[in-house]
Amino acid sequence: MTDAESSTGDEGVLSAEVDSRRQLWTTAMKPVVETPRWWWPAVLGLGAVVVLGLVAWAVQLADGLGAAGYNDGAFWSVYEADLVTFIGVSYGGAVVSAILRLTKARWRAPLTRIAEATALVTLPIGMLFIIPHLGSPTRVWELVWPPYWNLSSPILWDFFAVSTYLLATVVFFYLPLVPDLPVGAALLEHQHDRRAAFTRGLYRLLGSRWSGKAPQRRLLEGAIGLLAIMVIPLAVSVHSVLSFAFASSSRAGYSETIFPVYFVVAALYSGVALVIVTAAAARRLFGLKAYIHTKHFVRLGFILVAFGAAYLYLTFTEYLVDGYSNTSDLAAWVHQVLVGRYWIPFWFYFVAGGVLPLALMAWRRTRSVTGVVAGSSLVLVAMWVKRLVIVVPPATEPLVQRTLGPAGLSGGAWGTYHFTWVPIAITLAATAAIPLLLLVVFRFVPILPIDEMEQLVLEAEDVTTAARRAVPGLEPSNRPGAAGEPLFLPSTSTATASPPSGFLPAAPPPGAEGPPIGPLFNQMTVADPSDLDPNGPSRGTR
Amino acid sequence: MSGDAGSCDSKDAAGISERRCGVGETVEQSGTVGGQSVSVGARIGRRGFLGRAVAGGASLLALGALGDRLAATVGANPAAAATDGTPSTVHQWAMVIDLRNCNGCKLCTQACQKAHFLHADQTWIDVFQMETSAGDTYFMPRPCMMCEDPPCVPVCPVSANIRTAEGLTLVDQSRCVGTRICMNSCPYQARYFNWSDPEPAPRQPFPQEPSWPVPQVKGTVGKCISCAAMLPSGQLPECVANCPMGVLYLGDLAFDVAVNGIGNVVKLSSFLAENDAVKFKESYGTNPRVFYIPGHGQDIDSD
Ligand code: SF4
Ligand code: SF4
């Protein structure tokens, strides 16, 4: 994302519909305050799918992994593909949030909370796949039991990498949330149900020390910036080490030097796709159209196809080089994938996960929200299938009978993985768990990063003013929609605002830092609490 | 796989070339396998490579001390023990498989499954029907190769794979959590998982332990143990004892002797040398302790 790219779109964030700060607050907090009519049915429906998955897991626990279709001819399959897929989709959070933060792409602001929440939710789900994957899940704790550690095992380093990444993801979700917590607590002041009281208490607990004063803010910004830098190598390490678990073998198709890059790019690709789909769903369900625009999707779509093209390229080089080498095992494996027993899933990936998303973005007519979301949905499914194509064929390879006899290139007896209902149910349960957990998360946190969005406006003004002073030649007016213009607030409401310290109504008005906006805030919230009251006259959602 | 022996390709009928080398061209000559030191020349094993990589990478980052500690930890594993400085009084078990006599009856497989109460598909010693480039078939029994540098050992996250001082790779099923990464890394497909409850077994003469994992444990990996618990009392492994063709020999590299189930006793080193014995998939750096004696003009994948 170049600077010009990111700045030209700021007018996209500007919207006539967004006319006040209060609207930002109410929109961001609406999912927390109100229970939409569809919420419980959705949660119960998704919960039912999760329960079905748990039942399947119980069956597998009783009968052994054979119940999931595994056998000695196919020792790794769907759970390993799931592990890679679900940990992979958590990368979207890292990309959209960290990379766009570091590149100072200001249009990211309305998307960061959604992206970070997606990472927060998918990473633990992905990690949980270690449990059905294990043969003896009752002893899963032994994997993390230091006396048993074998430092040369890639799986152990997977554990180190993923748990570090999880920690970073949680902190990366929490830190940008801190300034929003006092705002949220204040907005919940007039809610009297138990959940609002609980949420308010939670906000007070987690955000109690936040005053919004300049030193705190500098510290927070520094921490978020540092974390944004750290999250990227951490994310890269996770899928790299994960790929070593496959590559530490002598199997054609696993023992590939391309694997770490291949895995990381695949994770970024599917991660961005999940952020797109989640953002589209959130925009629809929680009425975020005023903040998340077509341009957001188109830009995410460009990021998506950049990764998609990179992944297609890596796939191409992998099969080309291995196929060309023509050693018996590599040739047999490439043959099986491209035209042999695995051709359907491979070409499904090629069309649905490789070509179609690119085509949808290339064609102006489909470069729309629908087009991008359709492409992303295809990517999510196709990349799961592609993970199966990566995991299953080498695991079914015959290693002893590798001769090229009359049996053809398949040479020897390839193993076969047979899908049963058990892994399908567990995979569906994990898929359902993503929206389920997101619905729960957005019951408790503002869906838009209130403070970040406000800060960007102020920052933009500050930067412009400072830049004007420092560099006399710089003409911000040359760049339409550049830093000088507010992102989503009409200039009337922010013209006098400076770093907003003291969001809490009770907080003392800031002194030297500029004109206070605390009173303005108080006035807006206290004046008409019914605005946020689900039972209030102005809203009839119940 | 590896780049050696470049000039021994051939084309088969389908026009697909595969590296097929004459037995003598790439394999280690058998004269070098007698005695204690089985491997020739300095090998950097997987473990050594990892250790060096970790140490090198760490010192690049000017974290020398940490690197040393990591390298020391990585190196301090039983697998590293066998090739260097093993006292000669310790047995160094090996196996010789004389392919000239195998008729594919699979009695070895059955005897092994019966003794260890295995499912029918848990073929700890499997007999594969192989094909030569000329289209002839021959039979090839394949137990665990008891690799000297076993790829299955370093990958286990919970250190459930062990390599004994006598050169046997064993699985501690009370430790194994069933990640199956060792099944991935074994180049010989010698490992078998317990996908369901094991066959019921009566009370055993030995406790359930790595050297006698009977009955098997659901959700863990099992494989040929070279009948480790039977060896100290002078019993031959079940498969060796039950091969009517005398194909399978139990050998001892330390005492340079091998014996098969029909009473042949041979001097191991000269037996291997005289019969041009080869190891299976040598280029993988596993250094198996199972030696194959070809004889059908076959091309064992020894490169
Ligand atoms: S043959 Fe396979 S299971 Fe046996 S020691 Fe070698 S790598 Fe391990
Ligand atoms: S040595 Fe024992 S465990 Fe190994 S294949 Fe023979 S009978 Fe089975």
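Assorted remarks:
- Within segment A:43-69, if we keep just the residues that are more than 14 Å from every other protein chain (Cβ to nearest Cβ), open to solvent by 30 Å² or more (accessible area, probe 1.4 Å) and out of contact with any helix residue (DSSP H, G or I) (no Cβ under 6 Å at 6 or more places or on another chain), the residue that is farthest from residue A:287 (Cα to Cα) turns out to be A:58.
- Filter result for residue A:199 (touching a Gly at 6+ places or on another chain (Cβ under 7 Å), assigned to a helix (DSSP H, G or I), of a type outside the set (A, V, I, L, M, F, W, C) and open to solvent by less than 20 Å² (accessible area, probe 1.4 Å)): no
- Any hit, segment B:170-188, residues being outside any loop (DSSP other than H, G, I, E, B), farther than 21 Å from residue A:397 by Cβ and either within 14 Å of ligand 1 (Cβ to nearest atom) or open to solvent by 10 Å² or more (accessible area, probe 1.4 Å) (or both): yes
- Hits in segment A:339-352 (condition: open to solvent by less than 20 Å² (accessible area, probe 1.4 Å) and either acidic (Asp, Glu) or assigned to a helix (DSSP H, G or I) (or both)): A:346, A:349, A:352
- Failed condition for residue B:232, given (1) away from ligand 1 (no atom under 16 Å from the Cβ); (2) over 16 Å from residue B:125 (Cα atoms); (3) part of a loop (DSSP other than H, G, I, E, B): (3)
- When residues of segment A:8-21 are limited to those that are in a helix (DSSP H, G or I) and in contact with a Phe, Trp or Tyr (Cβ under 9 Å, 6 or more places away or on another chain), the one modelled with the highest pLDDT: A:21
For every residue, the table says whether it meets (1) open to solvent by 60 Å² or more (accessible area, probe 1.4 Å); (2) part of a helix (DSSP H, G or I); (3) under 30 Å from residue B:189 (Cα atoms); (4) of a type in the set (A, V, I, L, M, F, W, C).
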| residue | (1), (2), (3), (4) |
| --- | --- |
| A:296 | no, yes, no, no |
| A:305 | no, yes, no, yes |
| A:312 | no, yes, no, yes |
| A:337 | no, yes, yes, yes |
| A:354 | no, yes, no, no |
| A:359 | no, yes, no, yes |
| A:378 | no, yes, no, yes |
| A:388 | no, yes, yes, yes |
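- Restricting segment B:110-158 to residues that are among the hydroxyl-bearing types (Ser, Thr, Tyr) and surrounded by fewer than 23 Cβ atoms within 10 Å (Cβ to Cβ), the residue that is modelled with the lowest pLDDT: B:133
- Which numbered condition residue A:143 fails, given (1) within 15 Å of the chain's Cα centre (by Cα); (2) surrounded by fewer than 22 Cβ atoms within 10 Å (Cβ to Cβ): (1)
- Applying the set (1) of a type in the set (D, E, K, R); (2) closer than 15 Å to residue B:168 by Cβ; (3) within 16 Å of ligand 1 (Cβ to nearest atom) to residue B:281 leaves exactly one unmet item: (2).
- Considering segment A:247-288, the residues that are open to solvent by less than 10 Å² (accessible area, probe 1.4 Å) and farther than 22 Å from residue A:308 by Cβ include one that is farthest from the other protein chains (Cβ to nearest Cβ), namely A:288.
- Within segment A:131-190, being outside any loop (DSSP other than H, G, I, E, B), among the β-branched types (Val, Ile, Thr) and away from chain B (no Cβ under 14 Å) holds for A:164, A:169, A:170, A:171, A:183.
- Looking across B:106, B:114, one residue alone is on the phi > 0 side of the Ramachandran plot, within 16 Å of ligand 2 (Cβ to nearest atom) and not aromatic (Phe, Trp, Tyr). It is B:106.
- Sole residue being within 16 Å of ligand 2 (Cβ to nearest atom), over 13 Å from the mean Cα position of the chain (by Cα) and either outside any loop (DSSP other than H, G, I, E, B) or of a type in the set (A, V, I, L, M) (or both), chosen from B:145, B:130, B:140: B:140
- In segment B:195-253, the residues that are farther than 17 Å from residue B:171 by Cβ, touching an Asp or Glu at 6+ places or on another chain (Cβ under 9 Å) and buried (at least 24 other Cβ atoms within 10 Å of the Cβ): B:247, B:248, B:249
- Filtered by the rule that a residue be more than 13 Å from ligand 2 (Cβ to nearest atom) and closer than 18 Å to residue B:125 by Cβ, segment B:199-214 gives a lone residue, B:199.
- Single unsatisfied condition, residue A:178 versus (1) surrounded by fewer than 24 Cβ atoms within 10 Å (Cβ to Cβ); (2) more than 29 Å from residue A:21 (Cα to Cα): (2)
- Residue satisfying all of: in segment A:207-222; charged (D, E, K, R) and open to solvent by 40 Å² or more (accessible area, probe 1.4 Å); nearest to residue A:98 (Cα to Cα) among these: A:221
- Number of the condition not met by residue A:31 [criteria: (1) modelled with pLDDT under 95; (2) open to solvent by 10 Å² or more (accessible area, probe 1.4 Å); (3) not acidic (Asp, Glu)]: (2)
- Qualifying residue in segment B:222-230 (condition: within 14 Å of another protein chain (Cβ to nearest Cβ), closer than 26 Å to residue A:246 by Cβ and more than 16 Å from ligand 2 (Cβ to nearest atom)): no
- Residue check, residue A:212 touching a residue at least 40 places away in the same chain (Cβ under 8 Å) and touching a Pro at 6+ places or on another chain (Cβ under 8 Å): yes
- Selected residue (criterion: nearest to ligand 2 (Cβ to nearest atom)) from residues of segment B:148-168 that are away from every other protein chain (no Cβ under 14 Å) and not hydroxyl-bearing (Ser, Thr, Tyr): B:168
- For segment B:276-293, taking the residues that are within 14 Å of chain A (Cβ to nearest Cβ), within 16 Å of ligand 2 (Cβ to nearest atom) and under 16 Å from residue B:169 (Cβ atoms), the one that is surrounded by the fewest Cβ atoms within 10 Å (Cβ to Cβ) is identified as B:280.
The values are calculated or read from the model by the stated rules, or taken from the named source; none is laboratory data. Predicted, not measured: the structure shown is a model, and the values here were computed from it. Methodologically, a virtual Cβ is constructed for each residue, glycine included, from the backbone with ideal geometry; neighbour enumeration extends over all protein chains shown. The accessibility values were calculated without ligands, DNA or RNA, using every heavy atom of the protein model including side chains. Shrake-Rupley method; radii C 1.70, N 1.55, O 1.52, S 1.80 Å.
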